[in-house]
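Written below as structure tokens is the structure these notes are about.
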Amino acid sequence: MVIETVAYLGLGSNLDTPIEQLRDARMAICAINGIEEIAFSSLYRSPPMGSQNQPDYVNAVMAIKTNLPPLILLSTLQHIENEQGRVRTERWGARTLDLDILLFGDQILDFPNLIVPHYGMTERAFVLYPLFEIAPDLMIPKHGTLAELVARCPLDGLERLANAT
Ligand code: ROI
């Protein structure tokens with residue numbers, strides 16, 4: 001039996017033409033056997049969280065259907081990050097491409113290298129608003145409705161860019 005799970009991924013970049021990084025990442029993710037895209041949010045520009053001494057980010061959220069187990073999905077995404085020449089200068093510093101598993105079905109996962117729901121997602125405008133755009137009725141395990149989290153989260157300078165498609 002093949003178990004299909006709907007997962008939500010966060011994409012972010014602030015180096016090396018971020019819009020292209022996200023577009024290439026989307027194509028690479030869609031090309032993986034066992035992953036099917038369900039939805040892709042608009043692109044959003046956001047001021048950096050963490051060190052202010054870095055360019056603005058471009059962020060988006062993608063919904064996928066997958067039959068990959070979570071840790072295989074994680075290593076697949078890490079491979080794509082590395083393939084796209086990921087530069088990561090410091091913790092909370094600039095990066096070429098960041099791919100995060102935000103949600104994996106309604107599962108709560110606590111592996112040493114993978115915590116789901118993603119630890120920072122519930123208070124980050126650049127995750128919550130794009131997610132709300134593609135899945136307004138979502139429940140976040142341990143945190144309640146996405147709508148409530150969005151209502152409590154200031155925009156923090158987040159700006160919607162042109163449609164990704
Ligand atoms: N800040 C923004 N705005 N967007 C990100 O994707 C992002 N990613 C990060 C840190 C450095 C925390 N700041 C960010 O990893």
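Derivation of every value follows stated rules applied to the coordinates shown; laboratory data play no part. Just so you know, these numbers come straight off a predicted model, no measurement behind them. Heads up, the Cβs are rebuilt from the backbone with ideal geometry, glycines too, and the neighbour counts pull from every protein chain shown.
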Correct response: the longest run of the chain lacking exposed chymotrypsin sites (Phe, Trp or Tyr not before Pro), defined by DSSP loop and at most 16 other Cβ within 10 Å, is 1-91
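With 10 angstrom as the radius, rank C153, C30 by how many other C-beta atoms surround their C-beta, starting from the fewest. Let's see the in-between values first.
Details: C153 18, C30 13.
So the ranking, lowest neighbour count to highest, is C30, C153.
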For the chain, radius of gyration divided by Kirkwood radius, i.e. Rg to Rh on alpha-carbons: 0.93
Out of segment 1-99, which GluC sites (Glu not before Pro) are coil in DSSP terms and have no more than 16 other C-beta atoms within 10 Å? E4, E90
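Find me the longest stretch of the chain that has none of the exposed trypsin sites (Lys or Arg not before Pro), where exposed means in a DSSP loop (not H, G, I, E or B) with at most 14 other Cβ atoms within 10 Å.
Values: sites that count: R91, K142.
The longest uninterrupted stretch comes out as 1-90.
What net charge do the residues around Y129 carry, taking every other residue with its C-beta under 13 Å from that of Y129, with Lys and Arg at +1 and Asp and Glu at -1?
Details: positive: R45, R124, R152, R160; negative: E123, E133, D156, E159.
Local net charge: 0.
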